[in-house]
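Asker: One structure follows; several queries about it will come next.
The values are calculated or read from the model by the stated rules, or taken from the named source; none is laboratory data. The structure presented is a predicted model; accordingly, all values stated were derived computationally and were not measured. Here the Cβ is made from the backbone with ideal geometry for all residues, glycine too, and neighbour counts use every protein chain on show.
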Amino acid sequence: MASTYTPLGVELQATGENAGTWGTKTNTNLQIIEQISGGYIAKSIAGGAQTTALAVSDGSTGAELSHRMIEFTGTITGNQIVTIPIDVQTFYFLRNSTSGAYTVQFKYATGSGDSFTFSATDKGDAIVFATANDSTNPDIDTIALGISNIVEDTTPQLGGNLDTNDNNIVTVSNRNVKLYPNGTGVVEAGGNTNPGTLQLNCESNSHGIKLTSPPHSAGQSYQIKFPTGNITAGTFLKVDTVSGSGNTGVGQLTFDSSPATTGKAIAMAIVFG
């Protein structure tokens, strides 16, 4: 009876086979097992949209799919699919080190079982388990790396800019969105080719009013403080006092019902008295 092979290439020697080479083959098997348990391989999947099958090498080392960690490399110009044979059962550490904003899917060669996909912007790591749980439609299961939901981290910190990816920051049950800068920090509305602007929408979010900063060319950094007194009907806002001066002055607003008392206002009162 001839030798047979496991899905990952380990040779199963039959009784009476391989006389004189049994030791060599056993050593090769041990090397394959070592490769499966902790081996690393960099696999280039460079190119346009394509399917790349990870190769198996029966009875010899170096099989691509028989490494514990597989790092995908190369510049990709289309969505990629990487496959393994339908009978493989093992787990992998995968790293997406490709260049190019395209997806990389890891799946069985055939069948409609679950697969794993690195998104077009995900250049990270994943742990996946090839279950071989079905002879025609086996699944690739994903094992969570660290926390799977940000709510599980009670002190989350960003390591870079937060991109909302065209999604919104929302609350439920009429809760407030709270921004609490520490110490003398402020909440900034940045500008980007245009002055910083806050938009206050209507209840249908179909239109809204805007509060806009002066342009960069104005060189203004003044501060306006709202009134300290209660709001009353029939009053208007005016600058009551100013500390500092110039484009960094700080103006204190107040509610006032009195007419202006500048020379111009008095002159107009006399003319039209």
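Asker: Does at least one position in segment 216-229 carry a residue that is farther than 30 Å from Ser119 by Cα, in contact with a strand residue (DSSP E or B) (Cβ under 7 Å, 6 or more places away or on another chain) and modelled with pLDDT under 95?
Answerer: yes
Asker: Kindly provide the set of residues from segment 49-58 that are at pLDDT 95 or above and over 9 Å from Gln80 (Cβ atoms), ordered by number.
Answerer: Result: Ala53, Leu54.
Asker: So which residues in segment 177-209 are surrounded by 10 or more Cβ atoms within 10 Å (Cβ to Cβ) and not aliphatic (A, V, I, L, M)? Give the derivation first.
Answerer: Looking only at segment 177-209, we keep the residues that are surrounded by 10 or more Cβ atoms within 10 Å (Cβ to Cβ), and these are 189, 191, 194-199, 201, 208.
Correct list: Gly191, Asn194, Pro195, Gly196, Thr197, Gln199, Asn201, Gly208.
Asker: Among the residues of segment 85-105, which ones are among the aromatic types (Phe, Trp, Tyr) and more than 17 Å from Leu145 (Cα to Cα)?
Answerer: Answer for segment 85-105, where residues must be among the aromatic types (Phe, Trp, Tyr) and more than 17 Å from Leu145 (Cα to Cα): just Tyr102.
Asker: Could you give every pair whose Cβ atoms fall below 7 Å, whose first residue belongs to segment 118-132 and is under 17 Å from Thr98 (Cα atoms), and whose second residue is aromatic (Phe, Trp, Tyr) and assigned to a loop (DSSP other than H, G, I, E, B), counting only separations of at least 6 or pairs across chains?
Answerer: Ala120/Tyr102
Asker: Every residue in segment 55-77 that is touching a Ser or Thr at 6+ places or on another chain (Cβ under 8 Å) and farther than 16 Å from Ser97 by Cβ, please.
Answerer: If the condition is that a residue be touching a Ser or Thr at 6+ places or on another chain (Cβ under 8 Å) and farther than 16 Å from Ser97 by Cβ, then Val56, Ser57, Gly59, Ser60, Thr61, Ala63, Ser66, Arg68 are the ones that fit.
Asker: Continuing with this model, one more query. On the basis of being in a helix (DSSP H, G or I) and touching a strand residue (DSSP E or B) at 6+ places or on another chain (Cβ under 9 Å), does Ile36 make the cut?
Answerer: yes
Here is a yes/no grid of residues against (1) closer than 26 Å to Asp134 by Cβ; (2) aliphatic (A, V, I, L, M); (3) touching a Lys or Arg at 6+ places or on another chain (Cβ under 7 Å):
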{"site": "Ile32", "(1), (2), (3)": "yes, yes, no"}
{"site": "Gly48", "(1), (2), (3)": "no, no, no"}
{"site": "Ser60", "(1), (2), (3)": "no, no, no"}
{"site": "Thr75", "(1), (2), (3)": "no, no, no"}
{"site": "Thr83", "(1), (2), (3)": "yes, no, yes"}
{"site": "Val88", "(1), (2), (3)": "yes, yes, no"}
{"site": "Gln105", "(1), (2), (3)": "yes, no, no"}
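Asker: Right, next: Condition (residue is hydroxyl-bearing (Ser, Thr, Tyr) and in contact with a strand residue (DSSP E or B) (Cβ under 7 Å, 6 or more places away or on another chain)) applied to segment 196-205: is it met by at least one residue?
Answerer: Yes, that holds for at least one residue.
Asker: Going through segment 80-96 one residue at a time, which ones are polar (S, T, N, Q) and without any contact (Cβ under 8 Å) to a residue 40 or more places away in the chain?
Answerer: Hits for segment 80-96 are Gln80, Thr83, Asn96.
Asker: Can you tell me which residue is nearest to Gly191 (Cα to Cα) among those in segment 215-238 that are surrounded by 13 or more Cβ atoms within 10 Å (Cβ to Cβ) and of a type outside the set (S, T, N, Q)?
Answerer: Tyr222
Asker: Mind listing just one residue for me: the one in segment 209-264 that is of a type in the set (A, V, I, L, M, F, W, C) and not in a strand (DSSP E or B) and, of those, farthest from the chain's Cα centre (by Cα)?
Answerer: Among residues in segment 209-264 that are of a type in the set (A, V, I, L, M, F, W, C) and not in a strand (DSSP E or B), the one farthest from the chain's Cα centre (by Cα) is Ala260.
Asker: Sticking with this structure for a sec: May I ask you to list the residues in segment 41-71 that are of a type in the set (D, E, K, R) and assigned to a strand (DSSP E or B)?
Answerer: Lys43, Glu71
Asker: Determine, yes or no, whether Ser206 is free of Cβ contacts under 8 Å to residues at least 40 places away in the same chain and either within 21 Å of Ser243 (Cβ to Cβ) or not in a loop (DSSP other than H, G, I, E, B) (or both).
Answerer: No.
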